[in-house]
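S.K.: Pasting a structure here, questions to come.
The values are calculated or read from the model by the stated rules, or taken from the named source; none is laboratory data. Keep in mind that what you see is a predicted model, and the values were worked out from it rather than measured. We work out accessible area using only protein heavy atoms, side chains counted, and drop any ligands, DNA or RNA first. Shrake-Rupley method; radii C 1.70, N 1.55, O 1.52, S 1.80 Å.
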Amino acid sequence: MLRSLVVVGGFLLLILTVCPVWAIEAVEATMTTAIIDREPVDRVEAFPLQNGKLYCFTRIVGAEGQTVVKHLWYRGTQLMSRVEFPVNAPDCMTLSAILFQEDWAGEWLVEVQDAEERIMQTVYFQLR
């Protein structure tokens, strides 16, 4: 919030500028092994590497007009994949997947970002 002090006619005026409220929000973000009827079938925190594929499911609400949502997949601190989705509805879902390689065991996370790269959710999981 930005605050300004202004003296007018001997009176001290405090002017407040309210920062904008973000309209778009990721109300759900989870790792899952599959999607059925537009819903994740499970919630995964640890995943066997030999199973190969995992999905990041997010539900986005509040979009007014056209915007984008991004999924950034990290293994440790290394960015492994970046997926961008158009969002043009007030309630929608996004879904990205990655096919894991045999030597990719370890700590992972997916950042869900809005068009301004604001992190709306972070989902953590482990590959073993």
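S.K.: Measure off, as a whole percent, the carbon and sulfur share of the 1.4 Å-probe accessible area of the stretch 27-128, all protein chains present.
M.R.: 46
S.K.: Could you give the accessible area per residue of the stretch 19-128, probe 1.4 Å, as a whole number in Å²?
M.R.: Heavy-atom accessible area per residue stands at 56 Å².
S.K.: Please report, in whole Å³, the volume per residue of the convex hull around the C-alpha atoms of the stretch 44-128.
M.R.: It comes to 82 Å³ per residue, whole-number rounded.
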